[in-house]
Structure formats: structure tokens, C-alpha cells
Amino acid sequence: MVTSADEYRIRTRFDYWVRGDGRALRRHDETCWTWPASRAEMIAELKEEGFIALPERPDPSVLAVRPARPARP
């Protein structure tokens, strides 16, 4: 995966390889654009979808959530 910034968006390229017999049997790549979101924006969007953010983890890049309501049996 390779990423590069372009103004307010991020270009991400994924390279996929299938290897066998010591060589690449197949290769595929795709590129997509993403837009960064703040932690607060992510929490607000997740709340709209029925999730609650858990307390921050030691690794600040991890955002853990749980369903706002328990699942029905």
C-alpha cells in the first residue's frame, strides 16, 4: 500500500500479488481517494449508526466502539 497527500485528500494505491513457485503468478493494483476525518467526526458518525466510543486506548490510532444497545437474541 502506498499513500500520498494531495491538498485535503489522500491517494492510496494497493498492490496485490499472488505468489507461487518462487514467482508472481498474478498481480493487481487499484487506486482510490480518501479524505481524512478527525476522531470527533468519526465518533459522531459512528454514534449516528448506533455505536458508542470506548475510552481511548494506549495506542491513540485505535478507536474502539461498541453497539449502543445490546444485540437482541
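The values are calculated or read from the model by the stated rules, or taken from the named source; none is laboratory data. Remember, predicted model here, so these are calculated numbers, not experimental data. Note that each Cβ is placed from the backbone with ideal geometry, even for glycine, and that neighbours are counted across all protein chains shown.
Within the stretch 1-41, can you find the residues that are exposed (fewer than 10 other Cβ atoms within 10 Å of the Cβ) and among the acidic types (Asp, Glu)?
Scanning the stretch 1-41 gives Asp6, Glu7, Asp21, Glu30.
Are any of the residues in the stretch 42-62 in a strand (DSSP E or B), exposed (fewer than 10 other Cβ atoms within 10 Å of the Cβ) and modelled with pLDDT of 90 or more?
No.
If you go through the stretch 1-15, how many residues are assigned to a loop (DSSP other than H, G, I, E, B) and hydrophobic (A, V, I, L, M, F, W, C)?
Of the residues in the stretch 1-15, 1 are assigned to a loop (DSSP other than H, G, I, E, B) and hydrophobic (A, V, I, L, M, F, W, C).
Going through Ala40, Ala64, Ala44 one at a time, which residue ends up being closer than 28 Å to Ala5 by Cα and in contact with a Leu (Cβ under 6 Å, 6 or more places away or on another chain)?
Answer to the check: Ala64.
I'm trying to understand the selection: among the residues of the stretch 7-41, which are closer than 25 Å to Leu63 by Cα, modelled with pLDDT of 90 or more and aliphatic (A, V, I, L, M)?
Ile10, Ala40
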